[in-house]
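Scroll down for the structure; my scribbles are underneath it.
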Amino acid sequence: MILKGGKTVYGASIGILMLNTRFPRIPGDIGNAETWPFPVHYRVVKSATPDNVVRGDARPLLDDFIAAGRELVEMGSDGVATNCGFMVPYQDELADALGVPVASSSLLQVPAVQRTLPKNKRVGVLTVSAETLAPEHLEAAGISPDTPVGGTGAGSEFTEKVLGDAMEINFAKARQENVAAARKLIKDHPDIGAIVLECTNMVPYARDIRRETGLPVYSIYSYLVWFQAALLPPAFPLDLSDIP
């Protein structure tokens, strides 16, 4: 067997661009390596924080994301993701600059999820900051501008501790806030048939949201598992004995 070279590290097909943070990350969070059923590469974009990406303007940081993304590709990543859904306006620029498939945001799932639903149902989005998830983010993801959006909200444990990059988070309270936000979203919009979590830190609460609402819940986890399956398809043994 002859193998083709060109990488430094093999077996980790996805590279993840991380904001520069210190807040704790539990399993399920994109930044906890135990979350993934496959190995991943990480690179930190040191100039990017939750506050200046989610509540500020990430455009001046784009060159830094590209530089870190190129390091991931050079290391051996066949595809690159970011750990903040608010990077979706830069999807095309990142993909063009890095030359590999890019998954900039969980929001990119919304059009595909919408296609799975009955015509009288639509997707709802839960975000860490509904106040700053702007029409430009929805448009960049190919999402209808009238898509219902809800969030944990300013002042909540979850939003303030994540965006404020706190050293401690009350995860029990954050779980309650995420479930309550989902409950409110479907109460305000009874025609919602599925929920997409914009925030990559919401994944640990996806099962609770599913249990509480009865709706399918999509997240960066569901997106990157799909993404990785194309970059490194599983090998299935061929058993010819069952073929007539």
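The values are calculated or read from the model by the stated rules, or taken from the named source; none is laboratory data. In this text, all values refer to a predicted model and were calculated from it rather than measured experimentally. Every residue, glycine among them, receives a Cβ derived from its backbone with ideal geometry; neighbour counts consider all protein chains shown. Accessible surface is based on the protein model in full, side chains and every heavy atom, while ligands, DNA and RNA are left aside. Shrake-Rupley method; radii C 1.70, N 1.55, O 1.52, S 1.80 Å.
Taking into account only those residues within region 58-80 that are among the small types (Gly, Ala, Ser) and touching a Ser or Thr at 6+ places or on another chain (Cβ under 9 Å), which is surrounded by the most Cβ atoms within 10 Å (Cβ to Cβ)? Can you show your working first?
Filtering region 58-80 for residues among the small types (Gly, Ala, Ser) gives 58, 67-69, 76-77, 79.
Still in the running and touching a Ser or Thr at 6+ places or on another chain (Cβ under 9 Å): 69, 76-77, 79.
Numbers: Gly69: 25, Gly76: 16, Ser77: 27, Gly79: 22.
Among those that are among the small types (Gly, Ala, Ser) and touching a Ser or Thr at 6+ places or on another chain (Cβ under 9 Å), it is Ser77.
Only one residue in Ile143, Ile186, Ile195, Ile169 is outside any loop (DSSP other than H, G, I, E, B), of a type in the set (Val, Ile, Thr), crowded, with 18+ Cβ neighbours inside 10 Å and in contact with a Pro (Cβ under 8 Å, 6 or more places away or on another chain). Which one?
Details: Ile143 fails: outside any loop (DSSP other than H, G, I, E, B); Ile186 fails: in contact with a Pro (Cβ under 8 Å, 6 or more places away or on another chain); Ile169 fails: outside any loop (DSSP other than H, G, I, E, B).
Criteria check complete, one pass: Ile195.
Six or more apart or on different chains, Cβ atoms under 6 Å: show the pairs whose first residue is in region 119-136 and over 16 Å from Asp57 (Cα atoms) and open to solvent by 10 Å² or more (accessible area, probe 1.4 Å) and whose second is at pLDDT 95 or above and among the small types (Gly, Ala, Ser).
Listed by first residue and then by second, the contacts come to Lys121/Gly193.
Looking for whichever is in a strand (DSSP E or B) and among the β-branched types (Val, Ile, Thr) here; the options are Val44, Val54. Which one fits? I'd like the intermediate steps shown before the answer.
On the way: Val54 fails: in a strand (DSSP E or B).
Within the list Val44, Val54, the selection yields Val44.
Return a yes/no flag: does region 172-180 have any residue that is crowded, with 22+ Cβ neighbours inside 10 Å and either aromatic (Phe, Trp, Tyr) or at pLDDT below 95 (or both). Spell out the reasoning first.
First pass over region 172-180, keeping only residues crowded, with 22+ Cβ neighbours inside 10 Å: 174, 178.
Next cut, either aromatic (Phe, Trp, Tyr) or at pLDDT below 95 (or both) only: none.
Within region 172-180, not a single residue is crowded, with 22+ Cβ neighbours inside 10 Å and either aromatic (Phe, Trp, Tyr) or at pLDDT below 95 (or both).
Modelled with pLDDT of 95 or more, more than 22 Å from Ser222 (Cα to Cα), surrounded by 15 or more Cβ atoms within 10 Å (Cβ to Cβ) and touching a Lys or Arg at 6+ places or on another chain (Cβ under 8 Å) - does that describe any residue in region 39-57?
No, that holds for no residue.
Applying the selection to region 39-59, what residues are of a type outside the set (Asp, Glu) and touching a helix residue (DSSP H, G or I) at 6+ places or on another chain (Cβ under 6 Å)? Full working, then the answer.
First, the residues of region 39-59 that are of a type outside the set (Asp, Glu): 39-50, 52-56, 58-59.
Hits for region 39-59 are His41, Arg43, Val45, Ser47, Ala48, Pro50, Val53, Val54.
Of the residues that sit in region 64-117 and are of a type outside the set (Gly, Ala, Ser) and assigned to a strand (DSSP E or B), which one is nearest to Thr200 (Cα to Cα)?
Residues of region 64-117 that are of a type outside the set (Gly, Ala, Ser), as a first pass: 64-66, 70-75, 78, 80, 82-84, 86-94, 96, 98, 100-102, 107-111, 113-117.
Filter once more, keeping what is assigned to a strand (DSSP E or B): 80, 82, 102.
On the way: Val80: 15, Thr82: 9, Val102: 16 Å.
Checking each candidate, the answer is Thr82.
Among the listed residues Pro216, Pro233, identify the single one that is modelled with pLDDT under 95 and surrounded by fewer than 19 Cβ atoms within 10 Å (Cβ to Cβ).
Details: Pro216 fails: modelled with pLDDT under 95.
One residue alone meets the criteria, Pro233.
I'd like the residue in region 18-34 that is touching a residue at least 12 places away in the same chain (Cβ under 8 Å) and out of contact with any helix residue (DSSP H, G or I) (no Cβ under 7 Å at 6 or more places or on another chain) and, out of all such residues, is farthest from Leu224 (Cα to Cα).
Taking region 18-34 first, the residues touching a residue at least 12 places away in the same chain (Cβ under 8 Å) are 18-31.
When the remaining residues are screened for being out of contact with any helix residue (DSSP H, G or I) (no Cβ under 7 Å at 6 or more places or on another chain), the result is 18, 20, 22, 24-25, 31.
On the way: Met18: 15, Asn20: 21, Arg22: 23, Pro24: 21, Arg25: 18, Gly31: 13 Å.
Among residues in region 18-34 that are touching a residue at least 12 places away in the same chain (Cβ under 8 Å) and out of contact with any helix residue (DSSP H, G or I) (no Cβ under 7 Å at 6 or more places or on another chain), the one farthest from Leu224 (Cα to Cα) is Arg22.
In region 118-140, how many are in a loop (DSSP other than H, G, I, E, B), polar (S, T, N, Q) and within 20 Å of Thr213 (Cβ to Cβ)?
Matching residues across region 118-140 total 1.
Answer yes or no: is there a residue in region 3-12 that is surrounded by 17 or more Cβ atoms within 10 Å (Cβ to Cβ) and at pLDDT below 95. Can you show your working first?
Step one: list which residues in region 3-12 are surrounded by 17 or more Cβ atoms within 10 Å (Cβ to Cβ), which gives 12.
Filter once more, keeping what is at pLDDT below 95: 12.
Within region 3-12, one or more residues are surrounded by 17 or more Cβ atoms within 10 Å (Cβ to Cβ) and at pLDDT below 95.
Looking at region 203-210, can you tell me whether even one residue there is open to solvent by 80 Å² or more (accessible area, probe 1.4 Å) and touching a Pro at 6+ places or on another chain (Cβ under 6 Å)?
Taking region 203-210 as the starting set, the residues that turn out to be open to solvent by 80 Å² or more (accessible area, probe 1.4 Å) are 207, 210.
Among the residues that remain, those that are also touching a Pro at 6+ places or on another chain (Cβ under 6 Å) are: none.
No, there is no match, as no residue in region 203-210 is open to solvent by 80 Å² or more (accessible area, probe 1.4 Å) and touching a Pro at 6+ places or on another chain (Cβ under 6 Å).
Can you tell me which residue is most open to solvent (accessible area, probe 1.4 Å) among those in region 13-31 that are over 13 Å from the mean Cα position of the chain (by Cα) and over 22 Å from Pro101 (Cα atoms)?
Top of the filtered list is Arg22.
Residue check: is Asn83 polar (S, T, N, Q) and either in contact with an Asp or Glu (Cβ under 7 Å, 6 or more places away or on another chain) or open to solvent by 50 Å² or more (accessible area, probe 1.4 Å) (or both)? Show your work before the answer.
Numbers: polar (S, T, N, Q): yes; either in contact with an Asp or Glu (Cβ under 7 Å, 6 or more places away or on another chain) or open to solvent by 50 Å² or more (accessible area, probe 1.4 Å) (or both): no.
Spelling it out, it is not the case that Asn83 is polar (S, T, N, Q) and either in contact with an Asp or Glu (Cβ under 7 Å, 6 or more places away or on another chain) or open to solvent by 50 Å² or more (accessible area, probe 1.4 Å) (or both).
Filter region 198-244 for residues that are assigned to a helix (DSSP H, G or I) and among the β-branched types (Val, Ile, Thr); which is nearest to Cys84 (Cα to Cα)?
Here the residue is Ile220.
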